[in-house]
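Below is one structure, written out as structure tokens, with a few remarks after it.
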Amino acid sequence: MTDRLSELTATGVAVWLDDLSRERLTSGGLDQLRREKHVAGVTTNPTIFAKALADADTYDWQLRDLASRGVEVEEAVRMLTTYDVRWACDVMRPSYDASKGIDGRVSIEVDPRVAHHADRTLAEAKALWWLVDRPNLYIKIPATEAGLGAITATLAEGISVNVTLIFGLDRYSQVMEAFLAGLEQAKANGHDLSKIGSVASFFVSRVDAEVDKRLEKIGSDEAKALRGKAAVANAQLAYERYSEVFSSERWQALADAGAHPQRPLWASTSTKNPDYRDVIYVEELIAPGTVNTMPEPVIHAYADHGETRGDTVTGSYEAARKLFTDLESVGVDMPDVIAKLEREGVEKFEASWQELLDGVRKSLAAAGQGSGRPSQAAEGNAQAAQQAGGNA
């Protein structure tokens, strides 16, 4: 059988999983994806954790311990999520070692409620780095205005960063500037640049969802003909900017000191419109030195029927620019689209974080009312976790 994910990896695209749960860890499912589906990294966010904790009883034993200790809900959330991420880092460590620190990374996000406060974001990043205590960790920081300064400051501390919630080209350029400045400061601070990693998570499908909605409202034939094209064109132009920045003399000076490029990471790659091909945001964004983080159904879909046609990004730039000219001509205000998506992105993660807090609060209350020993299944999960090197 054709190993389509191996073919994709051979083009220079790193396949990462956009999901994590205690169930994936206890069952060995994450390690199986690493071994059999070429998964070389993991991304998480508040929405993923809220769903994981709501759907499984594999957290019950830890919730009982936390409730017995009288831990406050926010600390409990950190203990639960960093436990999973630490364990996932250990699972992905072979990929980290084999790639000399490029892949095998696992991301955990700062509290999105502090996304507009640079000092608090930096403090949160340092705390998470210390709590997880694994070299293959990424701290996710949203690319808000305040986040840019926090990105630079965090990298300057020698901490690896996944910059998230990037939607527009101008903000992406600011993110790369923040990355370069952070590495320059890290070098001045005496850090080994070869140990610092970073990706820039450029969101894809949400752009089509918003643009298509506006095109439908405009309603003309010319407008409808442009549906389903903006997201790929936007990402293609982002890769053009990446190529320019990471061929500059400024970057070369950092590379000579051992630094690795900040790779573009295509995020939000599941199609929101069922009329579109389910792997379109993988097939149309194949380029060397990129990451594509996919929900598990997209990984399996690509393994089944994905088409690897070589680099589908380089050389597309003029067509992408024409598309944006066409969108403007029919009445789509792209700066407004990008501003709305960034605002909504932070708001959605804040809402998911609150959902996570509320869920853990209820679970702690229920666990505190329980009595007796944990169930046999819970004891088994705890034993498996301890053997994997996790710390409650």
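The values are calculated or read from the model by the stated rules, or taken from the named source; none is laboratory data. Note that the coordinates shown come from a computational prediction; the quantities given were computed from them, not determined experimentally. Here Cβ is always computed from backbone atoms with ideal geometry, including for glycine, and neighbour counts include all displayed protein chains. Heads up: the accessible areas ignore ligands, DNA and RNA and are worked out on the full protein's heavy atoms, side chains in. Shrake-Rupley method; radii C 1.70, N 1.55, O 1.52, S 1.80 Å.
Observations on the model:
- For the range 315-325, 3J(HN,Hα) per residue [Karplus equation, 6.51 cos²θ - 1.76 cosθ + 1.60, θ = phi - 60°, Hz, x = Gly/Pro]: x, 9, 5, 5, 5, 5, 5, 4, 4, 5, 5
- Solvent-accessible area per residue, Å², over the chain with all protein chains present [probe radius 1.4 Å]: 42
- FRET efficiency estimate (nearest 0.05) - Cβ-Cβ, S99 to R250, R0 30 angstrom: 0.75
- Applying a DSSP loop filter and a limit of 12 other Cβ atoms within 10 Å to the trypsin sites (Lys or Arg not before Pro) in the range 80-184 leaves K100.
- Across the options L33, V110, W87, the greatest Cα extent toward the positive end of the charge dipole of the chain (unit charges at beta carbon of Lys, Arg, Asp, Glu) belongs to W87.
- Highest-MSF residue in the chain out of G190, G258, G306 [GNM, Cα springs under 10 Å]: G190
- Counted residue by residue at 0.36 nm each, then reduced by the alpha carbon distance between them, the extension gain from Q32 to D311 reaches 97.7 nm.
- The amide H of V39, built 1.01 Å from its N in the peptide plane, has R34 as neighbours under 5 Å, considering only residues 5 or more places off or on other chains.
- The ellipsoid that matches the Cα gyration tensor of the range 189-332 has semi-axes, each √(5λ) in whole angstrom, of 31, 19, 13, with the longest given first.
- Computed helical MRE - 222 nm, the chain, DSSP H runs ≥ 4 contributing -39500 (n - 2.57), nearest 500: -18500 deg cm²/dmol
- Phi-derived couplings, Karplus 6.51 cos²θ - 1.76 cosθ + 1.60 at θ = phi - 60°, listed residue by residue for the range 24-32: 4, 7, 5, 7, x, x, 5, 5, 5 Hz, with x used for Gly and Pro.
- Within the listed set S316, S247, S107, the residue fluctuating most in the Gaussian network model of the chain (springs between alpha-carbon atoms under 10 angstrom) is S247.
- For the range 221-231, 3J(HN,Hα) computed residue by residue from phi via the Karplus equation (6.51, -1.76, 1.60; θ = phi - 60°) reads 4, 5, 5, 5, 5, 9, 5, x, 10, 5, 5 Hz, glycine and proline entered as x.
- Close amide H pairs (under 5 Å, H built 1.01 Å from N) link A267 with F202, F203, V204, residues at least 5 positions away or on another chain.
- When only the Cβ of Lys, Arg, Asp and Glu is charged (+1, +1, -1, -1), the dipole of the chain relative to its Cα centre reaches about 580 debye.
- Look at the Cα gyration tensor of the range 1-147: its axes a ≥ b ≥ c give a/c of at least 1.5 with a/b at or below b/c, and that counts as oblate.
- Between 0 and 90°, nearest 10: helix 296-305 axis offset from the chain longest Cα axis: 50
- For the chain, the longest principal axis of the alpha carbon atoms and the long axis of helix 145-156 meet at an angle near 70°.
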